[in-house]
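One structure is given here, and the rest of the page talks about it.
The values are calculated or read from the model by the stated rules, or taken from the named source; none is laboratory data. From a predicted model like this one, the values you see are computed outputs, not experimental measurements. Here the Cβ is made from the backbone with ideal geometry for all residues, glycine too, and neighbour counts use every protein chain on show. Just so you know, the surface numbers come from the protein's heavy atoms only, side chains and all, with ligands and any DNA or RNA stripped out. Shrake-Rupley method; radii C 1.70, N 1.55, O 1.52, S 1.80 Å.
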Amino acid sequence: MTQTTEAPTGGVAARPGAAPGGRVTSTFAKALNAALADSMAADASVLMFGEDVGTLGGVFRITDGLTARFGEERCFDTPLAEAGIMGMAIGMAMNGMKPVVEMQFDAFAYPAFEQVVSHVAKMPNRTKGKVRLPLVIRIPYAGGIGGVEHHCDSSEAYYAHTPGLTVLAPATVRDAYFMLREAIASPDPVVFLEPKKLYWSKEEVDLAELRRTFEAGQAPRRIGKAVVARPGTDATLISYGPSVPTALAAAAAAAEEGRSIEVIDLRSIVPFDDETVCASVRRTGRAVVVAEAPGFVSVASEIVARVQERCFHSLAAPVLRVTGFDIPYPSPKLEHFYLPSVDRILDAVDDLQWED
Amino acid sequence: MLGGAPEGGPYDGGTTPDGVLLPSAEPVQLVDPDGHHHTDGRYLLPDGDRLLDAYGRLVAGRRINDQANALVRQGRMAVYPSSHGQEACQVAAAVVLGAEDWLFPTYRDTVAVITRGVDPLQVLTLLRGDWHSGYDPHEHRVATQATPLATQLLHAVGVAHAAKLRGEPTVVLAMCGDGATSEGDFHEALNFAAVFHVPVVFFVQNNEFAISVPLRNQSVAPSLAHKAIGYGMPGERVDGNDLAALLAVLGAAVDRARDGGGPTLVEAHTYRMQAHTNADDATRYRSADDVERWVPKDPITRMRTYLRALDLLTDEKEQALADEADAIAAAIRKGLNTEVTVNPAELFEYVYTEKTTQLREQAEQLREELARDAAGAGTPADDTKAERR
Ligand SMILES: Cc1ncc(C[n+]2csc(CCOP(=O)(O)OP(=O)(O)O)c2C)c(N)n1
């Protein structure tokens, strides 16, 4: 059900030879840009706005060229006010548009939090579905780029805790493209978390082919569907967004030590794919959740709880977590101590009460 | 650029026809508290039929407020923020709009929503304590009554902006109270509306209090309407108990917006005659004398005097309006006497367009619990739990 027509993409490194010829290398950022452009071309009600998204093309250039191509009615700069951006998007969505807004950085989305929690998340419910809010909140998110404070928060738990929001975090170039298109096409509001440190990661993909695949309805659904990013038999690493490449690297390192580790890339935090996660854990009997956010009261905590509740009899060891420390995101010089590392993941895997 | 200043030349958007952004020195008044017409250099008195029609709605509005208060006292409604004394603002806000326009009300603006044509029982759904808004916002182009202060003003800007992009003639009238003007969202909404030059009328009902906090603790601006100039849009002050002036000033702002003149901020000076809600004790922060001073300014008596003097309002007409108001009140009473049937399955129905696996599981859990309750009334709770294991 998850990857019926596609091979798992497995991380962000270019995989020459993994696909038929004709493909070109694309970055994660370029795939997002293409997803926006293709969505706007396909549907005249799709609009893009935020801070510096027009002429500049966004501080990460994700909206590069959209104003030139679609005009400033379709991609435009707003005054510098996140609640304003979010609130206006709500009204536009109420009135027939599909707004995609960019919050410039994770921590600068907080002024819009009230609008997100009180209105974006609740409006469809409190109007018994009469008002749908088909909008997407794009948030360059999480750390690992040597950013200064307030530029590296992992804020997914705030959104995931709020019923009514769909929360996505892609980790591969193909997913970046397909998931953003799916998010824009969704009738429900989506918080789309873009791991900043993956913006420059590359894959060999033909973006035109991805467009054709999506528009022909041949891209398997990704909202609510996790994927096995690397198959394995001894333990499962469950991860999403920026931590997926690290989990894959850890699995590769473990393979050299003779352990076969499966890696699940959740992609969709809400809705959560219990089925794929639990099927894997039941098979392997051991699991570690890897996520960059502080661990206390986090998405990682939730995954641990779900897995223990559902897979208890299959577990050979407690489900462990490798997360950020419970501290504000550290300075660039210290962030590598904070971020889940391959070694920390391997240590956790070693702690899974192996018999040998 | 998109919206904003008209192309070419210095910025000349956001001005009234006579080029002034500043509100009038005194609130615009066309009919004084004694019911006498006042001439105003800028605003014409609406014609008699229009005033008479609006007056009828004013009478109904007062009756709705009285009825709702009574129903709270009887425990049939959870809460009611009364607009007693502010009915002229309520009626004017609704009747200046055309069918293609949108109204964005607050929790206090029940009478405005009803005046716009939404079924009173549906409007009162939220205030009965339900989880949903009770009406379909698209049906009458009335947004859900907003509780988080000032947040809805931005939604109004978005609706207007979308309409403008499609070239539709929609105007949006967004309401808030004096307290709400201190919120950041108020600022962002006015600024966005001005920068994008969208057809929104911001309508502040300054009733002098935000729960217990008086206006002087809220703002030291010369008036709330003066704030408009900071955004480059015209501001106007109007006597909020003068139905005629409200119709004229709001009507002009709506026309201006429809003609591409951009947003306006209108401040109505009125007074909250009753407590914030039935849960509030207004005697803790204001005296009975303060309230008494506003009694002679009542919007209904004033318009009644005016219309009677012109013989537009006859005894028979008054009786007919009173009967209509009674009928509305009776329908509300009857409706609220009927127990609503609640369907717990609905709890999971509208969170997402399609239920997530998790919501399907939780809905099923609740369904099973209810089925068990229905089947084995009297089953001890512990047994039920054991069964589940
Ligand atoms: C963001 C927010 N903060 C606080 C409240 C609680 N609250 C409800 S009404 C109110 C006073 C509002 O006063 P005002 O804007 O003048 O409107 P009025 O009630 O007088 O119509 C407050 C503080 C709220 N609803 N929303």
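Is it the case that some residue within segment A:126-138 is over 20 Å from B:H138 (Cβ atoms) and aliphatic (A, V, I, L, M)?
yes
Any idea which of (1) crowded, with 24+ Cβ neighbours inside 10 Å; (2) away from every other protein chain (no Cβ under 14 Å); (3) not basic (K, R) is the one A:V120 doesn't satisfy?
(2)
Considering every residue within segment B:324-346, establish whether at least one is in a helix (DSSP H, G or I) and within 14 Å of chain A (Cβ to nearest Cβ).
Yes, segment B:324-346 contains a residue that is in a helix (DSSP H, G or I) and within 14 Å of chain A (Cβ to nearest Cβ).
Go through segment A:105-117 residue by residue and tally those that are β-branched (V, I, T) and either open to solvent by 60 Å² or more (accessible area, probe 1.4 Å) or away from the ligand (no atom under 12 Å from the Cβ) (or both).
1
Outside any strand (DSSP E or B), basic (K, R), open to solvent by less than 50 Å² (accessible area, probe 1.4 Å) and farther than 22 Å from A:P134 by Cα, is that true of A:R181?
So A:R181 fails the test.
Surrounded by 24 or more Cβ atoms within 10 Å (Cβ to Cβ), of a type outside the set (K, R), within 16 Å of the ligand (Cβ to nearest atom) and in contact (Cβ under 8 Å) with a residue 12 or more places away in the chain - does that describe any residue in segment B:212-220?
For segment B:212-220, residues surrounded by 24 or more Cβ atoms within 10 Å (Cβ to Cβ), of a type outside the set (K, R), within 16 Å of the ligand (Cβ to nearest atom) and in contact (Cβ under 8 Å) with a residue 12 or more places away in the chain: absent.
Checking the condition more than 16 Å from the ligand (Cβ to nearest atom) and among the charged types (D, E, K, R), which residue from B:E208, B:E188, B:E168 passes?
After applying the criteria, what remains is B:E168.
From the set of residues in segment B:248-260 that are open to solvent by 10 Å² or more (accessible area, probe 1.4 Å) and either within 16 Å of the ligand (Cβ to nearest atom) or touching a residue at least 24 places away in the same chain (Cβ under 8 Å) (or both), which is nearest to the chain's Cα centre (by Cα)?
Here the residue is B:G251.
Out of everything in segment A:81-100 that is assigned to a helix (DSSP H, G or I) and more than 7 Å from chain B (Cβ to nearest Cβ), what residue ends up being most open to solvent (accessible area, probe 1.4 Å)?
A:E82
For segment B:166-208, what are the residues that are open to solvent by 10 Å² or more (accessible area, probe 1.4 Å), within 13 Å of chain A (Cβ to nearest Cβ) and under 20 Å from the mean Cα position of the chain (by Cα)?
Residues satisfying the conditions are B:E183, B:G184, B:D185, B:H187, B:E188, B:P199.
Considering only residues that are over 16 Å from B:P81 (Cβ atoms) and either open to solvent by 30 Å² or more (accessible area, probe 1.4 Å) or within 16 Å of the ligand (Cβ to nearest atom) (or both), which ones fall in segment B:151-165?
Correct list: B:T151, B:L153, B:L154, B:H155, B:A156, B:K164, B:L165.
So, in segment B:271-290, of the ones that are acidic (D, E) and assigned to a loop (DSSP other than H, G, I, E, B), which residue ends up farthest from the ligand (Cβ to nearest atom)?
By that ranking, first place goes to B:D281.
Mind listing whichever residues of segment B:128-139 are open to solvent by less than 10 Å² (accessible area, probe 1.4 Å) and part of a helix (DSSP H, G or I)?
Across segment B:128-139, the qualifying residue is only B:P137.
Within segment B:140-150, can one find any residue that is touching a strand residue (DSSP E or B) at 6+ places or on another chain (Cβ under 8 Å), at positive phi, facing chain A (nearest Cβ under 10 Å) and open to solvent by 40 Å² or more (accessible area, probe 1.4 Å)?
Checking segment B:140-150: at least one residue is touching a strand residue (DSSP E or B) at 6+ places or on another chain (Cβ under 8 Å), at positive phi, facing chain A (nearest Cβ under 10 Å) and open to solvent by 40 Å² or more (accessible area, probe 1.4 Å).
In the list A:R132, A:R126, A:R69, which residue meets the criterion of being more than 11 Å from every other protein chain (Cβ to nearest Cβ), free of Cβ contacts under 8 Å to residues at least 60 places away in the same chain and charged (D, E, K, R)?
When all the criteria are applied, what remains is A:R69.
Being in a loop (DSSP other than H, G, I, E, B), aromatic (F, W, Y) and open to solvent by 10 Å² or more (accessible area, probe 1.4 Å) is the requirement here; does A:F60 meet it?
yes
For the structure I just gave you, tell me whether B:N241 is open to solvent by 50 Å² or more (accessible area, probe 1.4 Å), in contact with a strand residue (DSSP E or B) (Cβ under 9 Å, 6 or more places away or on another chain) and within 16 Å of the ligand (Cβ to nearest atom).
It is false that B:N241 is open to solvent by 50 Å² or more (accessible area, probe 1.4 Å), in contact with a strand residue (DSSP E or B) (Cβ under 9 Å, 6 or more places away or on another chain) and within 16 Å of the ligand (Cβ to nearest atom).
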